[in-house]
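Report on the structure given below.
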Amino acid sequence: MTEHVENQLLAMSAHLIKIQSSTTQHITEAPGRLVLSSSSISRCVQLEPAAVEPHSDKLYNTQPRRSQKTSLSQEAHMNTEWQHMFGHSQEQSTTKSSEQLAQCGGVSGAPTVAQPAHSQMGHSASYVQYSMAPCRIELRNLTARMQQKYQKSLRSHEDNGEGGEDLLPPPSWRPGNQLLAYLHEHKARVNQLARVPGVRGLFASCSDDGTVRLWDANRLQGHAYVNKSKSMYNRSAGPVISLASCEGGQSLVAATQEGSIFVLRMDSESSRMTLSQCRQVSAGSAGAAEGCVACACAGGVHAGVISYATLNATVVGWDLRAPGNAWKLQGDLKQGVYTCLYANSAGYVAVGTSSGAICVWDLRFQLPITTVRHPNSERVRRIVGWGGLSSRVWAVGGRDAAAWCLEAAQRTHALWPCTNTSHPLNYSTPACQYLSAAYCGRRGAEGGRFLVTGGSDQRLRYWDLNQPEDSYVLLHAPADQLRPPGAIKYRSRIIDGTTVIQECSKLNPSAPAPAAASEDNVYRSVESRSFHHTAPITDITMVEGNKCYLVSSSADGVINVWK
């Protein structure tokens, strides 16, 4: 017994005395047990044959025995040092001993065998202490603190969405249809828009004309007629089909249709874009170069790892800080040709195919997780994240937009425009329109989530996921028959476990200009500027200038900024 243990016992003496006094008052007297008050005897053995026979059946008892000691066993195994330390009353022990001696007087003359007491036997039976080194206690406390800190960081990371990459407009914010800027420097189709998180108000665009242009939303306020791009880079390597931010929002990665992937570093002072790194997609089995379909920044915009998908159903990881490939995932062409790519900061990538499949890969183990498929096998044109819930994604490309839970591999939400049939989730008739762009956001830290979609009908729709009846058509098409107030209503219903938000209208929602629905629109002059899109909408994003603005691009090379 160390000095530290003695100090603990002295501190607990009052409590232990109360426990000892309460247990000694409920001792049941067993016949045939001899208890001696001598200080040299701490254990007695029953020698009477009659006392042993009634308990012989316990040797074959199959019921589990309780390991908890009764007050009688505690009293029997208690040594004299324990009784002396905590002041065991001699009067009670003398009285109990005399009574028990009187009861077993008939056998008092029989020889008794007493086993000498061991100094540690009684102590270990009645009191057990676990000592631990101070350094080990400090290590346990440190581990507990780090676990709490890690859980807190995970919760904050989930609440802030994709690691703080998405804008959070005020809770009262609603996108409007007032044109702020009309940007028409691209001479061909605009394929993708990308916001630059590193610099406030900057966003970039890529086009089939082979250029990447940088725009500043802070310069657009009040100068809608003289807007020009802040910087431009022409790789002259074919149409640029994909664009994404990387390296903490200080660089842009772009991919061309011929398989060239290059990284553009932005100068913080002049905002000029200079070529930082470049690579060509490796040749396929036939010797021809594989075409690239999409690229994204794996692990979030603050990471330095680029993931891109090819026409040969492969997903390749490119670490900008190391040579070679970080990983290479081989898919199956039977599921369709890869059309789009989405990389989540949680450590997985989702690839959309032309057959309506969404293939999900775990980047930690480089293994496929799950595959979900559109009920009608319609092409997936764009995949966007849900936001804070990293296990859900939005997929658009067919006649509807659907939210998929990748953990449960099922569709949770579906948005059904009025251009489809009046029966939701009915794919029996061929589709006359399709969705090709989407942006998912949230109003405020605790606000509701919304989705803005656009497609071949040249309309922008605002879908309120928390209050479906508050949804509306944000931007109408030219000579749109759905423009009158009250022409459209929204309702929510559950069909086969899927929450469907349906857009209802009794009017003819077809596009008034069928020729404008084609994606092969030629370059239009600046004088034809209009307050609506006259070509299919290709992409949607949000930027922050003086306020939060919605940016949309179309297949005729026009970029519109709305407030």
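Protection proxy ranking of 533-543, 405-415, 191-201, by the mean of other Cβ atoms within 10 Å over each peptide's residues and highest first, is 533-543, 191-201, 405-415. In this structure, the pairs whose alpha-carbon distance is over 29 Å, taken from 149/547; 228/328; 152/547; 228/547; 152/328; 334/489, are 149/547; 228/328; 152/547; 152/328; 334/489.
With R₀ fixed at 60 Å, the C-beta to C-beta distance from residue 446 to residue 267 puts the FRET efficiency at about 0.95.
Counting other Cβ atoms within 10 Å as a rough exposure proxy, the listed residues 278, 548 run 278, 548 from fewest neighbours to most.
Between residue 366 and residue 507, what length comes free when the chain is fully extended (0.36 nm per residue of separation minus the Cα-Cα distance, one decimal in nm)? Result: 45.8 nm gained on full extension.
One chain, two ends: residue 232 and residue 21. Fully extended at 0.36 nm per residue, the span grows by 67.0 nm beyond their Cα-Cα distance.
Sorting the segments 138-149, 339-350, 463-474 by their mean number of nearby beta carbons within 10 angstrom, highest to lowest, gives 339-350, 463-474, 138-149. Ordering 272, 449 by the number of other Cβ atoms within 10 Å of each residue's own Cβ, fewest first, gives 272, 449.
The 3J(HN,Hα) values that the Karplus relation (6.51, -1.76, 1.60; θ = phi - 60°) gives for region 2-19 are, in residue order, 8, 5, 5, 5, 5, 5, 5, 5, 5, 5, 9, 4, 4, 5, 5, 5, 5, 5 Hz. Gly and Pro appear as x. Computing FRET efficiency as 1/(1 + (r/R0)^6) for residue 179 and residue 432, where r is the C-beta to C-beta distance and R0 is 35 Å, gives about 0.80. Between residue 146 and residue 495, residue separation times 0.36 nm minus the direct Cα-Cα distance comes to 121.2 nm.
Can you compute the FRET efficiency between residue 278 and residue 131 using 1/(1 + (r/R0)^6), with r the Cβ-Cβ distance and R0 = 56 Å? Round to the nearest 0.05.
Between residue 278 and residue 131 the formula returns 0.30.
Quick note: the coordinates plus some simple rules give every number you see, no bench work behind them. All values derive from a computational prediction rather than experimental measurement. Note: ideal-geometry Cβ built from the backbone for every residue, glycine included; neighbour counts use all protein chains shown.
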